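Enquirer: This structure is in structure tokens; I'll ask about it shortly.
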Amino acid sequence: MFCTCLYNHLIVEAGDTNHDGVLDFQEFTQFLGAHEKDLKLMFRSLDKNNDGQIDAAEIQHSLHTIGVEVSLEDATRILQRMDKDGTMTIDWNEWRDFFLFKPLTNIEDVARYWKRSMMLDIGEQLTVPDDFTEEEKKSGYVWRQLMAGAFAGSVSRTGTAPLDRLKVFRQVHGFADFKGNVLSSFRYMLKEGGLRSLWRGNGINVLKIAPETAIKFTAYEKIKNVMHSNNETRNLRVHERFVAGSLAGATAQTAIYPMEVLKTRLTLGKTGQYSGIAVCAKQILQREGIAAFYKGYVPNLLSIVPYAGIDLAVYETLKFTWLSRNRGLADPGVMVLVGCGAVSSTCGQLASYPLALIRTRMQAQASVKGAPKPSMLASLRSIVTQEGVAGLYRGISPNLLKVIPAVSVSYVVYEYTRIVLGVDIEGRRGGGEKKA
């Protein structure tokens, strides 16, 4: 598995004292001996009452000292992952066995295991952002994470661009306009513009990742500060994260929404219609006015709530279910992480899809400057009347087809990009300790 390969790489890097790229037996035993001493010191620092056992209250207290606030229930879940004998305490042997072959050296790393920091990208950025500690923000770790996520999203979106264009094509062209199935739609696009046409609109879809990510993260941090009020060390609860994440998503979408409209128009454009992004923007401005860049804004804003809420709720449910059934396991593994992310994002998409479809239809409407524009409710009535309830889910099959390849590609690229940027899986750079 990919995480195992990363662990092996980090162990070799840490233990290779002569820097020959190979970890021989002597170096390996020296590494284990030194690592075990570190673990012993760490265990003793956590064992506040010196009884040779670590309980949930001691884990909670240790996390509090590094600025990570968790409930006693969450601390108990962390404990259960190390507690092999079911005593609800951790002795030295359990502690050592848990960490010996993991290049982790502090309790903060335990808290980070189930932190959602993979930046899985399935083409929609409506998920609730990650929480980062003050130490991670000061060290520059956060922005390296965001850079890795943006690059992974770019590769993922480019790889699944044909499916995304197929989705938009079927969303806009209703049953009355185009009665063919997914395959016939695909053939139509190929015949109209050739193989290259399958990537129409992908350029701006990739360009908007960086500003959207940066704006959403910045807004999320500002909103969190307001919600913390007088207690800045307190971590937000799940429902508070949902509210903060939804507001941050709305802020980011408001700022980059004209790019969303341009992406839809370029994606649906016929061969030779637009020679570039600037030409498309100029035509919309001249023919429809500046208000055209916010067509479909209301349903887009409304879709954030069901998407972010259901995505977060499903992910948290899957996470706690896995934890309760797999005590003593340190690393959930790639398949569990990718699976949870894919399932929760898919559920969020299913809930918000009708609003996303209405948004795309409204974005695609080319109207004369000053002419009346159909409202969201008028568009909803038109779709249901002409196509039935099923019309609200037109184009969802290619959208679901791209989920697995999108999350898989974004995960692999994300992890490799973090290595290139010099950030290992614990958040340290260049194999050294984090900056204070």
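Enquirer: Can we say Gly86 is at pLDDT below 60 and more than 23 Å from the chain's Cα centre (by Cα)?
Expert: no
Enquirer: What's the total number of residues in the stretch 189-214 that are at pLDDT 90 or above and closer than 30 Å to His64 by Cα?
Expert: Result for the stretch 189-214: 0.
Enquirer: Out of Ser375, Ser397, Ser408, report the one residue that is modelled with pLDDT of 75 or more and crowded, with 16+ Cβ neighbours inside 10 Å. Write out each step before concluding.
Expert: On the way: Ser375 fails: crowded, with 16+ Cβ neighbours inside 10 Å; Ser397 fails: crowded, with 16+ Cβ neighbours inside 10 Å.
Step by step, each of Ser375, Ser397, Ser408 is checked, and only Ser408 is modelled with pLDDT of 75 or more and crowded, with 16+ Cβ neighbours inside 10 Å.
Enquirer: Determine the pairs where a residue that is of a type in the set (Gly, Ala, Ser), located within the stretch 311-339, has a partner that is part of a helix (DSSP H, G or I) and modelled with pLDDT of 75 or more with Cβ atoms under 6 Å apart, the partner being 6 or more residues away or on another chain.
Expert: From residues that are of a type in the set (Gly, Ala, Ser), the pairs are Ala330/Phe98.
Enquirer: Further question on the same structure: Condition first: exposed (fewer than 14 other Cβ atoms within 10 Å of the Cβ), modelled with pLDDT of 75 or more and touching a helix residue (DSSP H, G or I) at 6+ places or on another chain (Cβ under 8 Å). Now tell me which residues in the stretch 54-80 satisfy that.
Expert: Leu72
Enquirer: Considering only the stretch 254-285, how many residues are outside any loop (DSSP other than H, G, I, E, B) and either closer than 23 Å to Ala356 by Cα or in contact (Cβ under 8 Å) with a residue 24 or more places away in the chain (or both)?
Expert: So the answer is 19.
Enquirer: Among the residues of the stretch 83-101, which ones are more than 15 Å from Met42 (Cα to Cα) and surrounded by 13 or more Cβ atoms within 10 Å (Cβ to Cβ)?
Expert: Passing the criteria: Asp83, Lys84, Thr89, Phe101.
Enquirer: From the set of residues in the stretch 260-280 that are buried (at least 20 other Cβ atoms within 10 Å of the Cβ) and aliphatic (A, V, I, L, M), which is farthest from Ala351 (Cα to Cα)?
Expert: Among those that are buried (at least 20 other Cβ atoms within 10 Å of the Cβ) and aliphatic (A, V, I, L, M), it is Leu266.
Enquirer: Still on this structure: Here are Val142, Val168: which of them is assigned to a helix (DSSP H, G or I) and either touching a Leu at 6+ places or on another chain (Cβ under 7 Å) or surrounded by fewer than 17 Cβ atoms within 10 Å (Cβ to Cβ) (or both)?
Expert: Result of the check over Val142, Val168: Val168.
The values are calculated or read from the model by the stated rules, or taken from the named source; none is laboratory data. If you're wondering where the values come from, they're calculated on a predicted model, not measured in any experiment. Backbone-built Cβ (ideal geometry, glycine too); neighbour counts: all protein chains shown.
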